[in-house]
1. Sticking to Cα atoms, compute the Rg of the stretch 92-212 to one decimal and its Dmax as the biggest Cα-Cα distance, whole number, in Å.
2. Please give the FRET efficiency for Glu192 paired with Ala128, using the beta carbon to beta carbon distance and R0 = 35 Å, rounded to the nearest 0.05.
3. Counting only helical runs of four or more DSSP H residues, what would the 222 nm mean residue ellipticity of the chain come to if each run contributes -39,500 (n - 2.57) and the total is spread over all its residues?
4. Counting pairs of alpha carbon atoms under 8 Å apart in space and at least six apart in sequence, what relative contact order in percent does the chain give?
5. Of all DSSP beta bridges located in the stretch 150-444, what percent are antiparallel, nearest 5?
6. What net charge do the residues around Glu295 carry, taking every other residue with its C-beta under 11 Å from that of Glu295, with Lys and Arg at +1 and Asp and Glu at -1?
7. So between Asn246 and Glu386, what do we pick up on full extension, going 0.36 nm a residue minus the alpha carbon distance?
8. Which of the peptides 326-334, 4-12 is most tightly packed, and how do the rest follow, going by the mean number of other Cβ atoms within 10 Å of each residue?
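Taken together, the values in this text are just the output of simple stated rules run on the coordinates, not laboratory data. The shown structure was predicted, so the numbers you read here are calculated from the model rather than taken from an experiment. Cβ placement follows ideal geometry from the backbone for every residue including glycine, while neighbour counts extend to all protein chains displayed.
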Amino acid sequence: MSGKRLVLVNPVNPTRTGLTVNKSSRFPPIGLGMVAALTPESWEVALVDENWEPFAYREADLVGITAFTASANRAYEIAAVYRERGVPVVMGGIHASMCSEEALRFVDAVVIGEAEAVWPKVVADLEAGQLQQIYRGDWIDLAGLPHPRTDLFHPDYMFASVQTSRGCPMDCEFCSVTAFNGRRYRRRPAGEVLGELEGIPQKMVFFVDDNIIGYGKESRKQALAIFRGMVERGLEKWWLCQASVNFADDEEVLHWAGRAGCKMVFLGLEAEEADALKEVNKRLNVRRGVESYDETFRRIHRAGMAVLGAFIFGMDGDTPEKLRRRTDYMIRSGVDVMQVTFLTPLPGTRLFDQLGNESRLLYTDFPRDWERYDMTEVIHRPQRMEPAALSQTMRDCTRRMYARPVLVRKAMRTFHKTRDSMATMFAWQSNINYRNVALAGSSSA
């Protein structure tokens, strides 16, 4: 069978644009790029990406849609357009995997988990007229995966997205990564990652791994092989990544990451007090102690990299005074970029189940209310704060932390500590991006 058309759709919540309001914080839909790469060559593949323009209908024989929880409703709206015309729709991604029964009310088939192991069968079943409702992807070995079809991505993406590993053993209360990608940490071979990087035209890269260096000696060895390989091949990329606080433990890792072009590291710090970290099961941070944060920042800075520190508001132990102290810490500390979000109980997490069982979720008219679950709105009732008080405290604190004089001082300190103008630029622009999101949220409140 030939001449078939596959349309892949990356939906965006039209009511909550979030970081997509900033061009520099939009990232290509790497999962859809991988699905395209796994599709037989006899199929014509097109990508509709609402990061850049609203959906417009394209003729298709099969439609594949992904969605985060906050954009699930938009995915269902687009699916309806095709299903009304008799075109089958397959949905995958984190939300459909966690809420497959719900998704099946709006699409013809759901891929649960990682798509690589099952997408060829989805296409074959469709061609045979035997499309099933549920396909379950296994946690496969990552060696030999094709490179995503980057030719389908919008040319204005400033960053390329690259994945070197999957899985996380940390199992935090608020995170669904473990449920989706498993607790076992799996890495792609370094040579395959480097080959992909060589074919990427963008100067800037975002490594989307939840922890770029992973856990244990073998993971460290493979991460070092990537960093050294980037230097040896003269790739000359500027990049950012996500990691745990153990990123700063190894001077050799830091040295080669810096030489390879790492300019900023995202650390999930969540809070500066041990009781708050215990509440969300942030075990690694608790074990190391919050007093170790400063030394972690210093080591990363010495390697020429900025620190993006992510913090959470709305834990059960939080009070207005505690959140003001958290804000003071974010402003005074060695964190270069300040990210703060509301604790958000996403489906598939223990937190969602707990708060649902305790009748503390404020919005439960699903799927309509999923659009609120974007981490910019109070979604549950904490034990020690009323939702309105939490929301007002967030507004007050973000006005303080994103005040322009604060950001200017942060940028000056970043340059002083890193001696790297590009790391300083990454940090400055990221703070401006978060400031824009905070201001947009305040104006709509």
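1. Rg then Dmax for the stretch 92-212, in Å: 16.1, 44.
2. E(calc), rounded to 0.05, equals 0.65.
3. Working: 17 runs with 175 residues, N = 445.
Computed mean residue ellipticity for the chain: -11500 deg cm²/dmol.
4. 14 percent
5. Counting DSSP beta bridges with both partners in the stretch 150-444, the antiparallel share is about 10 percent.
6. Result for the local shell: +1.
7. Between Asn246 and Glu386, full extension yields an extra 46.9 nm.
8. The peptides rank, most packed first, as 4-12, 326-334.
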